[in-house]
Amino acid sequence: MGTLLLRDGRVTGRDTLIDYSGSYVQDGDRFTARIKTWRHTNGEASVFGIDEVDLELSGRSTVALTAFCFGRAKQAPDIPFEATLVRMAD
């Protein structure tokens with residue numbers, strides 16, 4: 001589990017092993033995002049088996065506090081990625 005900040009089209013965040021940075025575009029309840037990842041701490045392998053990936057995601061916010069997205073990493077296109085985003089604060 002990690003934390004993301006989405007503000008003015010920019011995405012930043014991290015979890016216990018990986019940092020995230022990128023951009024997003026929102027159109028109504030739908031969104032797309034491009035996010036780069038890189039490791040900041042030694043530990044277990046990422047879900048992709050590599051630390052630095054370029055994610056392309058699309059998703060939908062179905063309620064005010066939750067969004068769902070799916071996509072793939074350019075460097076590991078055979079591994080699907082899905083995430084549920086839960087709003088924590090403004």
Could you tell me the accessible area of VAL86 in Å² (1.4 Å probe, neighbours in place), rounded to the nearest ten? 100 Å²
How much of the accessible area of the chain, probe 1.4 Å, is carbon plus sulfur, in whole percent? 54 percent
Quick one: grab the alpha carbon gyration tensor of the chain, order the square roots of its eigenvalues as a ≥ b ≥ c, and give me rounded if a/c is under 1.5, else prolate or oblate depending on whether a/b is larger than b/c. prolate
Output for segment 1-69: GluC sites (Glu not before Pro) sitting in coil per DSSP, at most 14 other Cβ within 10 Å, listed by number, reads GLU44, GLU52
Under 13 Å from the Cβ of ARG14, count the other residues' Cβ atoms, weight Lys and Arg +1, Asp and Glu -1, and hand me the total. -1
Indicate the gyration tensor shape class of segment 50-90 (rounded, prolate or oblate), computed on the Cα atoms with a ≥ b ≥ c the square roots of the eigenvalues: a/c under 1.5 is rounded; otherwise a/b larger than b/c is prolate and the rest oblate. prolate
Please list ASP27, ASP19 in order of solvent-accessible area, largest first, computed with a 1.4 Å probe with all protein chains present. ASP27, ASP19
Average accessible surface area per residue within the chain, 1.4 Å rolling probe, Å²: 72 Å²
So between ASP54 and ALA76, what do we pick up on full extension, going 0.36 nm a residue minus the alpha carbon distance? 7.0 nm
Rounded to the nearest 20 debye, dipole of segment 4-62 from Cβ charges on Lys, Arg, Asp, Glu: 180 debye
Using every alpha carbon pair in segment 1-42, what percent of pairs falls into each 10 Å bin from 0 up to the bin containing the largest distance? 29, 49, 18, 3
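The values are calculated or read from the model by the stated rules, or taken from the named source; none is laboratory data. Here the structure is a predicted model, which is why all the values come from computation and not from measurement. Heads up, the Cβs are rebuilt from the backbone with ideal geometry, glycines too, and the neighbour counts pull from every protein chain shown. These area figures cover heavy atoms from the full protein model, side chains too; ligands, DNA and RNA do not enter into them. Shrake-Rupley method; radii C 1.70, N 1.55, O 1.52, S 1.80 Å.
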